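Novice: Okay, handing you the structure first.
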């Protein structure tokens with residue numbers, strides 16, 4: 001990762017302003033021609049460094065007001081099949097396998113979004129029926145204390161970049 | 001979907017304070033409810049959630065795809081940002097490809113201390129999401145760090161500052177899906 005790439009990532013973190021030529025603003029802050037910035041973003045999209053480039057929504061405002069973390073106790077040899085089935089659901093945004101721990105027998109995690117608790121329960125029930133995994137729990141959000149984008153370079157390089165861009 | 005379910009869906013969408021939802025109920029006489037996010041907003045959202053044009057003049061590209069003027073596309077996105085539906089327009093990086101380490105952490109906190117502990121946890125820039133949940137493990141947060149040493153250091157600091165010992169670090173062993181987009 002070059003210093004210039006770190007700088008682009010740091011400045012892109014705040015997103016694009018709603019103006020006619022938003023990439024020009026970013027390119028000016030970074031100090032590169034806009035074509036070079038666009039080429040870098042395209043290259044990152046192509047190699048998967050950028051998973052997607054687009055609008056990030058506040059789902060509560062868009063009607064998806066409830067989210068539940070579904071946790072599932074899936075036999076290890078069926079985890080992959082379960083994960084692939086869960087990934088197909090439009091109501092499930094994230095699906096991971098994580099280690100079990102004492103007092104917590106679940107190893108598959110699904111973030112479920114819905115307009116109501118009933119929606120989330122329906123999604124989980126459908127997944128349970130489709131996969132045959134009956135041992136699961138839904139952990140509902142009781143408070144959203146923080147939700148933000150990652151700060152990728154917060155060390156010395158990041159600070160240098162931020163102070164130069166002011 | 002039958003009428004009762006349709007009505008429930010409409011009512012759920014009609015909670016006050018949801019600016020995105022505009023209802024058109026002209027079809028009520030025909031026994032059908034039509035609930036829709038206003039058409040242009042919906043079309044814009046469906047495109048720009050996953051595929052915002054990486055172009056010097058992106059709203060011209062969007063306008064062309066939707067058959068509207070660039071200025072209308074820009075005004076639409078601006079409106080969705082101002083009303084708070086869109087948090088931001090930008091890249092979602094693959095944390096691992098950037099060489100970073102992310103983990104989910106679960107903490108068991110006495111209910112009376114939850115807000116205070118959550119404040120300490122949220123004060124770290126490495127903590128991106130921090131949620132209270134209705135479980136014995138009642139505080140769940142994600143840490144994104146430059147390396148494993150930083151993960152361990154932040155976790156140890158949080159334990160020391162809050163006095164809460166029961167914290168589990170749960171790295172993803174396998175990732176099946178990371179995607180947040182919805183059809184409107």
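The values are calculated or read from the model by the stated rules, or taken from the named source; none is laboratory data. These figures come from a predicted structure and were not determined experimentally. In this analysis, Cβ positions are derived from the backbone assuming ideal geometry, glycine residues included, and neighbour counts consider all displayed protein chains.
Novice: Just to be sure I understand, how many residues within segment B:88-106 are within 8 Å of chain A (Cβ to nearest Cβ) and either outside any strand (DSSP E or B) or over 25 Å from residue A:13 (Cβ atoms) (or both)?
Specialist: Final tally of qualifying residues: 7.
Novice: Sticking with this structure for a sec: Within segment B:107-121, take every residue that is in contact (Cβ under 8 Å) with a residue 12 or more places away in the chain and either part of a loop (DSSP other than H, G, I, E, B) or within 20 Å of the chain's Cα centre (by Cα) (or both) and give me the one that is nearest to residue B:54 (Cα to Cα).
Specialist: B:121
Novice: Right, here's the next one. Looking at segment B:57-76, is at least one residue over 30 Å from residue A:103 (Cα atoms), modelled with pLDDT of 95 or more, facing another protein chain (nearest Cβ under 10 Å) and assigned to a loop (DSSP other than H, G, I, E, B)?
Specialist: Within segment B:57-76 (the criterion being over 30 Å from residue A:103 (Cα atoms), modelled with pLDDT of 95 or more, facing another protein chain (nearest Cβ under 10 Å) and assigned to a loop (DSSP other than H, G, I, E, B)), the answer is yes, since at least one residue qualifies.
Novice: Next up: Out of the residues in segment B:71-82 that are under 22 Å from the mean Cα position of the chain (by Cα) and without any contact (Cβ under 8 Å) to a residue 12 or more places away in the chain, state the one that is surrounded by the fewest Cβ atoms within 10 Å (Cβ to Cβ).
Specialist: Looking at residues that are under 22 Å from the mean Cα position of the chain (by Cα) and without any contact (Cβ under 8 Å) to a residue 12 or more places away in the chain, I get B:82.
Novice: Restricting to segment A:14-34, name every residue that is surrounded by fewer than 17 Cβ atoms within 10 Å (Cβ to Cβ), facing chain B (nearest Cβ under 8 Å) and within 30 Å of residue A:144 (Cα to Cα).
Specialist: Across segment A:14-34, the qualifying residue is only A:14.
Novice: May I pose another question? Within segment B:42-54, work out how many residues are more than 7 Å from every other protein chain (Cβ to nearest Cβ) and without any contact (Cβ under 8 Å) to a residue 60 or more places away in the chain.
Specialist: So the answer is 4.
Novice: For the list (1) surrounded by fewer than 18 Cβ atoms within 10 Å (Cβ to Cβ); (2) modelled with pLDDT of 95 or more, I need the number of the one condition that residue A:37 fails.
Specialist: Here residue A:37 clears every test but (1).
Novice: While we're here: What's the number of the condition residue B:85 fails, among (1) surrounded by fewer than 17 Cβ atoms within 10 Å (Cβ to Cβ); (2) under 23 Å from residue B:179 (Cα atoms); (3) facing another protein chain (nearest Cβ under 7 Å); (4) touching a strand residue (DSSP E or B) at 6+ places or on another chain (Cβ under 9 Å)?
Specialist: (1)
Novice: Looking at the structure I just gave you, is residue B:43 in contact with a strand residue (DSSP E or B) (Cβ under 6 Å, 6 or more places away or on another chain) and at pLDDT 80 or above?
Specialist: Numbers: in contact with a strand residue (DSSP E or B) (Cβ under 6 Å, 6 or more places away or on another chain): no; at pLDDT 80 or above: yes.
Answer is no for this residue.
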